[in-house]
2 protein chains.
Amino acid sequence: MKIAVMGCGIVGTGVVEITDNKPDLMKNSAGEPIEVKYILDIRDFTGTPYESRVIKDIDIILNDSEIETVVETMGGIEPAFTFCKKCLEKGKNVVTSNKALVAAKAEELFSAARENNAAFMFEAAVCGGIPVIRTMFSSLSANNITSFAGILNGTTNFILTKMINEKMSFDQALKIAQEKGYAEKDPTADVEGLDAGRKTCILASIAYGTHVYPEEIHTEGIRKITLEDAAYAASKGYKIKLLGKADKLKNGKISAIVCPFFVEGNSLISGVNGVYNAISITGDSIGDVLLYGQGAGREATASAVVGDVMECARLKKNEKHYYWAEHQEDIIEDYELYENALYIRGYAKNASESIINIRESFGGVEVLKREDAPENEIAFITGKAKEKELRDILSELTDFAPASIIRIL
Amino acid sequence: MKIAVMGCGIVGTGVVEITDNKPDLMKNSAGEPIEVKYILDIRDFTGTPYESRVIKDIDIILNDSEIETVVETMGGIEPAFTFCKKCLEKGKNVVTSNKALVAAKAEELFSAARENNAAFMFEAAVCGGIPVIRTMFSSLSANNITSFAGILNGTTNFILTKMINEKMSFDQALKIAQEKGYAEKDPTADVEGLDAGRKTCILASIAYGTHVYPEEIHTEGIRKITLEDAAYAASKGYKIKLLGKADKLKNGKISAIVCPFFVEGNSLISGVNGVYNAISITGDSIGDVLLYGQGAGREATASAVVGDVMECARLKKNEKHYYWAEHQEDIIEDYELYENALYIRGYAKNASESIINIRESFGGVEVLKREDAPENEIAFITGKAKEKELRDILSELTDFAPASIIRIL
């Protein structure tokens, strides 16, 4: 399958790299090779492996019947929307990572796709590599989705994590986020909740089957959150998280909101720190499902785009076949050759002497203590080594009888 | 699409119920109605809505060309394997929740599916409703999967959670698990790690493209774990979890193991408690992705089976179209009508008087304290009510100036 990439910025470059560098994976998993034939960009990429593929005119893509799938990684609504629509009207599949486009224009693009028997896919548009779009559209399709709530913006989650865990002010934390490249110079779209709002709209549209527009949902950012708020939250075991949340109400309407919430400190979502994202989805049959991962980043986002491209290739061939090969000989490694640190608990006649011996034999261990332990009990954690080696050392200890061995993840 | 259900036990009944009870969802999401025409079972289901559909002879299914997809929820390897293979050889799609069958026989069934242009799908076979199969096969297909580790058995996770959080012995915790129906009378398959082992094999087979058999991987259960181990783990911030884990090694081999591990207490996977399951997958582009949800249970598992059936319907029509409808008027509810509890922080001239007034106005609040708070600062959490009502009460307080309002999830 030959494809074109429109817009070779951060994500677009990632798409070309994965496609260029993993030919075997493409062939095995998509059922055929995938090749980037054109790169539509205003730059020339002189002296790079991209140079010969760069074009400046969308018509070259539109008029080349070899191009079955087009990747849109330009960003913004125009000219992305016009280009995508034209591609779909030519019967070409479109895969995009552009959440502004999907949030504003998906319904028109779906129609163009249906009318021309092409696919319009956008796994990468919401939370980069987290497979939330496919999960909602396909895996959970036997469920009525009753609600979802998610940490959908990594920048604000990074800032809140710094504020809560390191008692940093909003301004200090924002500055670090900007230095690390997580926040833009003008951070408005992130900190005011607009980015999370677009993603909330896309997810609500899938969950409830009707287009929900960004301007319709109440959106609050995190600028007003103070360290005092974080302290009060902590005093009752809460953490503060910016969530996008939508519920199907009993009256048939949709409630959707983006704003900071207190979340219980022992909930999974409260443990999502830094630039990571997570989405909790509730279905009427499945109960709660949570998906977690990197919500942004070149590689993660690009791999989601290429995943959609490969799905287009499989669908084209009406490929319904999951697959793995028959077992080859000698493919499983002996588990005693894996490297692990081990926790070991056991007993010795003379514990203090035995510990000296254990330390020496293993070349250093971390001795553990517990309340009310009997005097002859010893517990420790070894360094990381092949399990066989550690067990060999252990078996040579004459003054120590192991009772329990547990691997450290 | 007409389907047959082979084996109408716990999961099979769930499949028939979802299909019978959600005709609109089937039609909208799969693109056509889905109807259970036959139920193959040794029981008669006399007096139930199933009675007229019960059959005893697999040949009725095999010889009925109307049946496009067959659900196998019998369990065990035979006769499930023979029945599934015959269905595939007739060009019928097979959807199964049977992990023993997939772990032992998938490769043969894949071949039968490919040769006869039918689908063989098994999302429900690993961790019930968690969409790990589709995620690995499709969403992450642009990644080389380098490793995964998961809590794949809810029964053992329930027992370990009880041991760690409530200082219960293994035997006590097992007894409660049996009383709650989480553990069987003979709990061997769960507590010895055999069930987690089968799931580990299925996931390793997908991740690394080669069939991995249960008898090839080292498997340890949780019978030997003691409260002393849990105490030592806790003393260093660890929790004990039974994990199924597999890595692709640099030498090309696969390491795969099922055994208890110490996991860091601040990791997401350590927060997975009770009968819940979670799988962390690492890909070379995407980094870490974690999926979490109910790993068992009639409804969750059945909804995964029906999700696969609907996918078969979509694939049949070469359906590549994600879809939502154009926006209808008045579908978004005013956010101030949502019910929430609110955290409110603000200032009062006379805090102790103001608190009395606040309590009275809201009909009871939970007052929060923090160190070094100024005397005139007040923070509290209201009861749950429509946000508008709470804000109206707040606006009528003359002796309190709110500075921060955050919703409680």
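Annotations
- Residue-normalised accessible area of the stretch B:161-257, expressed per residue, 1.4 Å probe, Å²: 44
- With 32 Å as the limit, the listed pairs B:56/B:99; A:37/A:105; A:224/B:369; B:224/B:248; A:86/B:316; A:2/B:22 have A:2/B:22 beyond it between alpha carbons.
- Relative contact order %, chain A, counting alpha carbon pairs below 8 Å whose residues are six or more apart: 16
- Peptide packing: for A:52-58, A:13-19, the average count of neighbouring Cβ atoms within 10 Å per residue gives the ranking A:13-19, A:52-58, highest mean first.
- Rounded to the nearest Hz, the phi-derived 3J(HN,Hα) couplings of the stretch B:86-100 under the Karplus curve 6.51 cos²θ - 1.76 cosθ + 1.60 (θ = phi - 60°) are 4, 5, 4, 5, 8, x, 8, 5, 10, 10, 10, 10, 9, 6, 4, where x marks glycine and proline.
- Taking every DSSP bridge with both residues inside the stretch A:203-307, close to 90 percent are antiparallel.
- For residue A:144, the point set 7 Å out from Cα toward Cβ sits 4.7 nm from its twins in the other copies, listed from shortest up.
- The relative contact order of the stretch A:53-143, computed from alpha carbon pairs under 8 Å that lie at least 6 residues apart in sequence, is 24 percent.
- Summary of the geometry: the stretch B:352-408 and the stretch A:37-71, compared by the centres of their Cα atoms, lie 60 Å apart.
- Here chain B yields Rg over Rh of 1.08, to two decimals, using C-alpha coordinates and the Kirkwood radius.
- Each of the peptides A:117-126, A:138-147 was scored by the mean count of other Cβ atoms within 10 Å over its residues; in descending order, highest first, they stand as A:117-126, A:138-147.
- Whole-number percent relative contact order across the stretch B:234-346, with pairs defined as alpha carbons under 8 Å at least 6 apart: 13
- Highest average first, the peptides A:99-111, B:181-193 ordered by how many other beta carbon atoms sit within 10 Å of their residues are A:99-111, B:181-193.
- Considering only chain A, percent of DSSP beta bridges that pair antiparallel, nearest 5: 70
- Remark: mean inter-chain Cβ contacts per residue of A:288-298 equal 5, using a 10 Å Cβ-Cβ cutoff to other protein chain atoms.
- Take each residue in A:338-345, count the other chain C-beta atoms within 10 Å of its C-beta, and the mean is 3.
- Within 10 Å of the Cβ of each residue in A:255-264, the mean number of Cβ atoms contributed by other protein chains is 5.
- Cα centroids of the stretch B:195-242 and the stretch A:201-226: 40 Å apart.
- Cα-only radius of gyration and Dmax that characterise the stretch B:278-409, units Å: 24.4, 71
- Inter-copy spacing of residue A:90 label points, which lie 7 Å from Cα along Cα→Cβ, given in nm from shortest upward: 4.6
- Summed over qualifying helices (DSSP H, 4 residues or more, each -39500 (n - 2.57)) and divided by its residue number, chain B shows a 222 nm mean residue ellipticity of -10500 deg cm²/dmol.
The values are calculated or read from the model by the stated rules, or taken from the named source; none is laboratory data. Because the structure is a prediction, the values reported are computed rather than measured. Cβ atoms come from the backbone with ideal geometry, glycine included; neighbour counts cover every protein chain shown. Side chains are part of the model used for accessible areas, which takes the heavy atoms of the whole protein and leaves out ligands, DNA and RNA. Shrake-Rupley method; radii C 1.70, N 1.55, O 1.52, S 1.80 Å.
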